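See structure below.
The values are calculated or read from the model by the stated rules, or taken from the named source; none is laboratory data. What you see is a predicted model; the values in this text were computed from it and never measured. Cβ coordinates were reconstructed from backbone atoms using ideal geometry, including for glycine residues, and neighbour counts include every protein chain displayed. Note: accessible area is taken over every heavy atom of the protein model, side chains too, but ligands, DNA and RNA are not part of it. Shrake-Rupley method; radii C 1.70, N 1.55, O 1.52, S 1.80 Å.
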Amino acid sequence: MQFLFPAFLWALLALSIPIIIHLFYFRRFKKVQFTNVRLLKEIKEETASRNKLKDLLILLSRLLALLFLILAFAQPFIPQGETVKSGQNLISVFVDNSFSMSAENNQTPLIDIAKNKAMQIVQAYDDSDLFHVITHDFEGKHQRLISKEDALGYIEDISISPSVKVVSQIMNRQKQLMENSDANHIIYLISDFQVSMMDQQVVRDTAVEINFIPVRAVQENNIAIDSAWLEAGVAFVGQGNRLIVRIKNYGIENAESVRLSILKDGQEKPEGIFNIAARETITDTIILSLLSPGWHTAEIKISDYPIQFDDHYFISFYVDEDLNVLSIHEGRNNRYLQALFNGLEGFSYQNTSSSAINYGEINRYDLIVIHDVHTFSSGMNTALTNYVNEGGKILLFPVMQNDVNGINIFLNNLRANTFTLPAVEESMSVTRINTQEFIFKDVFESTSQNLTLPSVRSYFRKTNIQSRSEETLLSFRNGAPYLQKYQRGNGILYVCSSPLDVVYNDLVQQAEIFVPMLYKMSIAKADFEPLSYTIGKNTPITVNKSTQGSELVYRISGDLEFIPSQTSLGSKILISENNQVRTAGIYHLTLDNQLVKKLAFNYDRLESNVQLTPMDDLMNHGNVLQAGINADLTQLISQKDKGIVLWRWCLILALIFLLTESLLLRFFKK
C-alpha cells in the first residue's frame, strides 16, 4: 500500500493525546464510613472492572477513528502494477467523428458512445489538470489547452464529419501541444480503429502514455467507387470518350447484382449490373458522348447498403472546342504534319516561318512543332522558354548541320541535354519503346515483332547530364536516345535526335508510331487537371491569371458559398478552400460572377475499408482499455493512475468508530 500524500502521516502522533489523557486522568473518590464494608467492597470491585472495560473500548474507538481520519487525508492506495502519477496532468483526448462512427452498437451510434467515454475520461481527473480535445477536423479551437469544464463542453459539441486522418497525424498533433510542458503527458484515442487508420508511422513513445479505447459495431460489408479517370486524360466533342471507373469490394462476402449508373447533364443512364468477389477490385468503362465543348459534370453511382458515403463519385472536366497546333520552320511546311492534323477531328493546324512568329498569340497553342529551323534568335529563345514554363508543349527536331549552337542555347535555357558534334552518319533502328509513359501508354495491344518502329540514317548524340532528369520515350538499338521528354515548369519539351526529314528519318512514314505520338503529345499535360478533389485534403486549385491587379475576388459556391484564399504564383493563381467544403457534390468557382471552373468534391475513401485493427496490433503501440458500453471509465482510469483508492474506506471506518464511541458512551451503563 502507498500514500498519495504521505506527509499527513505525521498527524499519527496525535494518537498519543487520547492515550495520555486516559493514563493520567484520575478521579478522586469521597470516603464514606460504613460499619460493615464487605458487601460494598464486592460492588466496588465489580463496578471498577466494568468501568475499566468501557474506558478501554472508548479509547480504542477514539484511536481507530482518529487513525482512519488521518489515513483518509493521506489517501492510501494499492498500486496496480503501473507507475503512479503525481502532480499536474496534461490529458489529450481524440474522439473519432468520421463517417464510420455513424454505425450502431446495440442501437446506439458509435459517436455517442465515444463522446460518453471521452466525458468519463475527463471526469476521472482533477479540476487543476489541463485538457486537449481533438477530432478529425483539426479545428483551430481544438489546438489549445483548456479547463475541465470547457473540455466537457467541447466534447458535447462533437458531430459527424467528412474529414479523416491517420493515427500518426492525430498523435503528432496531440504531442505538439505537450512539448513545452512538464506535466504528466497522457493521450487517449477513442475510435473504431479501422485498418486504414493505423499507418506505418505509428510508433510507441515511452515519454507519453498512449491509451487506445476501441468502440466498435458489428463489422459490415462495403462496396465503394474508389476512383474514376478519363483514359485519354482529356475529353473531346463528338467522340466516344472512355471513362474508367474502379470499384472495390471491401467486405468479406461476395457482392452480387451491384448496379452501376451515371448521372450526366441531368439524365441518369444505367451502365450495367456486375458481381464482385470479396476483397477484389474491378474496373468498368463508361463511354461518354459529348455534344458540346465547355464544362461537363457527372455523378457515378452504385447500389450499396448500409455504408453509402462512398457510393457516389462526382467528376467535372472541360472540353476544348479545338486543340491548336503550330508548326514553326524555315523552309517548306511539312506535308506529313499538315495531313495528320487536318485529318484529326477537333484539331486546328497552322504553320509559320520562324521569322514571322506572332509572339502575342503563342500561348494559345496546345503544341508547337519546331523543325527545319537553323537559327534561334534571342527573342525566339526567350518566348519559347516562357511558353514551356507556363504550360506549353514543344516537339523539337534538329536540322542536319554542323552549327547547333543556336538550338543548344535554347535547350540549355530549359536545362535539357544538348546535341554534340559531329552527327552520327550510320543507319540505326529504334528498338525500345517506353509504354509506361503517357505518350505510348495503352496505345498498342502488343509491342511484339509486328510493330514497326522508326529508323534513321543520321542522328545526333546528346550530352548525358543526369541532373537534367530526362525521360526516354524511344531509344536506339545501341541504347542512345531517339526521343526524350523534359518536364519543365508547367510545360513539356520533347526532343528528337534526328531531323523531321525522310532523307534522314522515316518517322513520318511509320503511321502506327507517328499518329498516336503527335495526337497524345497534343493532349498531354505536365499535370492533368484532376476530375475531382477530396474533401479534407485541401489540394490547391490552379487557375490561369486572366487579368492583372490585386482586387481579384474568387468565390466558390455550391452547398455553401465562401471566398477561398488565393496565392499569386507567376501566371497562375492557387486557390485553397481551406477545408470549408463539407459536402460532396459539384461547386462553381467564379470571378466577378463569371464561371471559371466547375469543381467536383468527393468524400475521402480512407474509411471505405471496414476491416478493423486487431487488438494485438493496438497493444503494440500503447495501452488498450477495453471497456464495454456501460463500463465506468472514470473508475477504471482512477485505478490505472492511482491504483485501488482506499481513502473513502478510511473515511467510512472513521465515521463507524466515531459512531461506536457515541454508542458506548450512551448505552454502556456503569
Report the calculated FRET efficiency for Trp10 and Glu561 (r = Cβ-Cβ distance, R0 = 60 Å), to the nearest 0.05.
-> 0.30
In nm, to one decimal, how far is the modelled label at Arg432 from the one at Ile21, with both set 7 Å along Cα→Cβ?
-> 10.2
How much accessible surface area, in Å² rounded to 10, belongs to the heavy atoms of Tyr603 with a 1.4 Å probe?
-> 40
Using only Cα atoms, find the angle between the long axis of helix 378-389 and the longest principal axis of the chain, and express it within 0 to 90 degrees, rounded to the nearest 10.
-> 40
State to the nearest 20 debye the size of the charge dipole of segment 107-209 about its Cα centre, where the only charges are +1 on K and R beta carbons and -1 on D and E beta carbons.
-> 300
Counting Lys and Arg as +1 and Asp and Glu as -1, what is the net charge of the other residues whose Cβ lies under 15 Å from the Cβ of Val218?
-> -3
Which of Gly346, Asn180, Ile300 sits closest to the plus end of the dipole of the chain, meaning its Cα is farthest towards the positive end, when Lys and Arg get +1 and Asp and Glu get -1 on the C-beta?
-> Asn180
With DSSP loop assignment and no more than 13 other C-beta atoms within 10 Å, the GluC sites (Glu not before Pro) in segment 487-564 are Glu551
So how do His296, His185 rank on accessible area, 1.4 Å probe, biggest first, that is with the largest at the start?
-> His185, His296
Diffusion constant of the chain at 10 °C, which comes from Stokes-Einstein with the Kirkwood Cα-pair radius and 1.306 mPa s, µm²/s | 49
Per-pair calculated FRET efficiency, R0 = 30 Å: Asn389 and Asn578 via Cβ, rounded to 0.05 | 0.60
Cβ charges +1 (Lys, Arg) and -1 (Asp, Glu), total dipole of segment 91-153, debye | 80
GluC sites (Glu not before Pro) within segment 194-278: DSSP coil, no more than 16 neighbouring Cβ in 10 Å = Glu220, Glu231, Glu253
In what sequence, largest accessible area first, do Arg488, Arg173, Arg62 appear using a 1.4 Å probe?
-> Arg62, Arg173, Arg488
Nearest-ten-degree value, helix 167-176 long axis tilted from longest Cα axis of the chain | 60
Rounded, prolate or oblate: pick one for segment 367-460, where a ≥ b ≥ c are the square roots of the eigenvalues of its C-alpha gyration tensor, a/c under 1.5 means rounded, and failing that, prolate if a/b is larger than b/c, else oblate.
-> oblate
Quick calc of log₁₀ I(q)/I(0), segment 486-623, Debye, one scatterer on every Cα, no solvent, q values 0.16, 0.18, 0.22 1/Å, result -0.92, -1.03, -1.34
If every Lys and Arg gets +1 and every Asp and Glu gets -1 at its Cβ, then about the Cα centre the chain yields a dipole, in debye to the nearest 20, of 4180
State the Cα centre-to-centre distance between segment 280-305 and segment 452-530 in whole Å.
-> 33
Whole-Hz ³J(HN,Hα) from phi, Karplus 6.51 cos²θ - 1.76 cosθ + 1.60, for segment 215-221, glycine and proline x = 10, 9, 9, 5, 5, 10, 8
Based on alpha-carbon positions alone, could you give the equivalent ellipsoid semi-axes of segment 150-279 from the gyration tensor, as √(5λ), descending, whole Å?
-> 42, 19, 16
Two-site FRET efficiency, Ala277 against Tyr336, from Cβ-Cβ distance with R₀ of 35 Å, rounded to 0.05 | 0.10
The local net charge around His142, scoring Lys/Arg +1 and Asp/Glu -1 for residues other than His142 whose Cβ lies under 15 Å from its Cβ, equals 0
Which entries in the list Lys264/Lys597; Lys393/Lys597; Lys525/Lys597 go over 20 Å, if you measure between the two C-alpha atoms of each?
-> Lys393/Lys597
Of all DSSP beta bridges with both partners in the chain, the antiparallel percent, nearest 5, is 70
Go ahead and estimate [θ] at 222 nm for the chain from helices alone: -39,500 (n - 2.57) per DSSP H run with n ≥ 4, summed, over the residue count, rounded to 500.
-> -7500 deg cm²/dmol
Please report the relative contact order for the chain, taking Cα pairs under 8 Å with a sequence separation of at least 6, and give it as a percent rounded to a whole number.
-> 17
Distance in nm between Val515 and Asn593 label points, each 7 Å along Cα→Cβ, equals 4.9
Mind pulling the angle between the C-alpha long axis of helix 110-123 and the longest principal axis of the chain? Nearest 10 degrees, somewhere in 0 to 90.
-> 50
Highest to lowest packing among 158-165, 593-600, scored as the average C-beta count within 10 Å | 158-165, 593-600
